[in-house]
Amino acid sequence: MNAIKWNKDSVIILDQRRLPLDEVYNTYRNYYDIVNSIKEMEIRGAPAIGIAAAMGIALAAKSIRENNINDFRADMNEICGLFASARPTANNLFWAIKRMKKIINSVKDINEMRKMLENEAVKMYSEDIETNKKIGRNGSRFLSDGDIVMTHCNAGSLATAGYGTALGVIRAAIEEGKKIEVFACETRPYLQGARLTAWELQKDKIPVTLITDNMSGHFMKEGVIRKVIVGADRIASNGDTANKIGTYMHSVAAKTNNIPFYVAAPLSTIDTSLASGEGIDIEERSIDEVVYIRSEQIAPEGISVRHPAFDVTPAEFISAIITEKGVIENPAGKGVKELF
Ligand code: MRU
């Protein structure tokens, strides 16, 4: 399955809000539909939203009817700003926009720029699959034959151009002949685990068991879950990692139970401008996502609700950060500098 695909003058996006019940692909020709698609989480997952923004920017360049390069550039920079405001936490979004802006602010011919932006977006897509396969190869040694591995949220094909980061490591271990079973946390409130990870693994015939988020400690203590692997939205220089809300709680339970806790992410997730996780902008999403499950209200009218969409796991709770360039074991105290 493809979460996103470039199709010359349009972008095809799998509507992840409708999974697992309906597999619907929407075709977009306007960049602002893609801004909304990111905001409304039709497409989600750090690498995937970066690619969506790049493709949206390439589409915008095709549609702007401006002949003056300075005006064209000004319009394009404004559109890049719209994409940058779609979601705040995933570093990959800003990394992708920066790559596109480099072209926008250097190429002098409009048609040439249009072509280069399209090529760059398509390149980002194919690079991402290669990157994830490398992450998989670098991380598979941490998983042993017979392991039950827990994951949180969705860091799979649906969150990337394909193969996935955390799920990529699991896929690589399975491709090497290891028997791996996955425990997927449902991931309240948006249910990426129940709706997306369970769906994608089942589709690939990878053994998967769905658990609610509050069962993780129990299954770790019982010796059922042997390892934890998650993706990341932003990693600070010291290795502190922002990922889907609930990740921190699992890392605490893993540490207490001496269970290895791995983070798998591309270099594009690392924000070297941040010394620690304290500086990471945590998205607060609509309280409706907590109060309603689809259209069903599950809490009293007028109740006070909080909805941070991410949390930060301190580096000392992470056993290794697995990237395409290499692995940092026990990042606490040394951070991720050696990758750059
Ligand atoms: O809010 P989401 O669904 O975009 O959050 C996604 C996650 O937290 C993923 O775990 C993370 O982006 C890694 S995806 C390879």
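Taking every residue in segment 300-311 that is in the same structural domain as HIS152 (by TED's automatic domain parsing) and pairing it with any residue that is at pLDDT 95 or above and of a type in the set (Lys, Arg), at least 6 positions away or on another chain, the pairs with Cβ-Cβ distances below 9 Å are HIS307/ARG285; PRO308/ARG285; ALA309/ARG87; ALA309/LYS244; ALA309/ARG285; PHE310/ARG234; PHE310/LYS244; ASP311/LYS244.
Selection of segment 173-187 for residues being assigned to a strand (DSSP E or B) and more than 15 Å from the ligand (Cβ to nearest atom) yields GLU181, PHE183. For segment 108-163, a residue qualifies if it is in a helix (DSSP H, G or I), in contact with a strand residue (DSSP E or B) (Cβ under 9 Å, 6 or more places away or on another chain) and among the small types (Gly, Ala, Ser), and the qualifying residues are ALA121, GLY136, GLY139.
Selection of first residues in segment 216-241 that are closer than 12 Å to ILE280 by Cβ and of second residues that are assigned to a loop (DSSP other than H, G, I, E, B) and among the charged types (D, E, K, R), restricted to Cβ pairs under 7 Å at least 6 apart or on distinct chains, gives an empty result. The residue pairs whose first member lies in segment 1-23 and is of a type in the set (D, E, K, R), whose second member is in a loop (DSSP other than H, G, I, E, B), and whose beta carbons are closer than 7 Å, counting only pairs six or more residues apart or on different chains, are ASP9/ARG29; ASP15/VAL24; ASP15/GLU42; ARG17/MET41; ARG17/GLU42; ARG18/VAL24. Of everything in segment 283-306, what is in a loop (DSSP other than H, G, I, E, B), under 28 Å from ALA161 (Cα atoms) and of a type outside the set (D, E, K, R)? Give them in sequence order. SER286 - this is the single residue of segment 283-306 that is in a loop (DSSP other than H, G, I, E, B), under 28 Å from ALA161 (Cα atoms) and of a type outside the set (D, E, K, R). With respect to the conditions (1) more than 13 Å from the ligand (Cβ to nearest atom); (2) touching a residue at least 60 places away in the same chain (Cβ under 8 Å); (3) surrounded by fewer than 22 Cβ atoms within 10 Å (Cβ to Cβ), ALA254 falls short on a single one, namely (3). Counting only helices (runs of 4 or more DSSP H) that fall entirely inside segment 188-282 and contain at least 1 residues that are in contact with a Gly (Cβ under 6 Å, 6 or more places away or on another chain) and more than 21 Å from PRO20 (Cβ to Cβ), the qualifying elements are 247-256.
The values are calculated or read from the model by the stated rules, or taken from the named source; none is laboratory data. Just so we're clear, the structure is a prediction, and the values are computed from it rather than from any experiment. Note: ideal-geometry Cβ built from the backbone for every residue, glycine included; neighbour counts use all protein chains shown.
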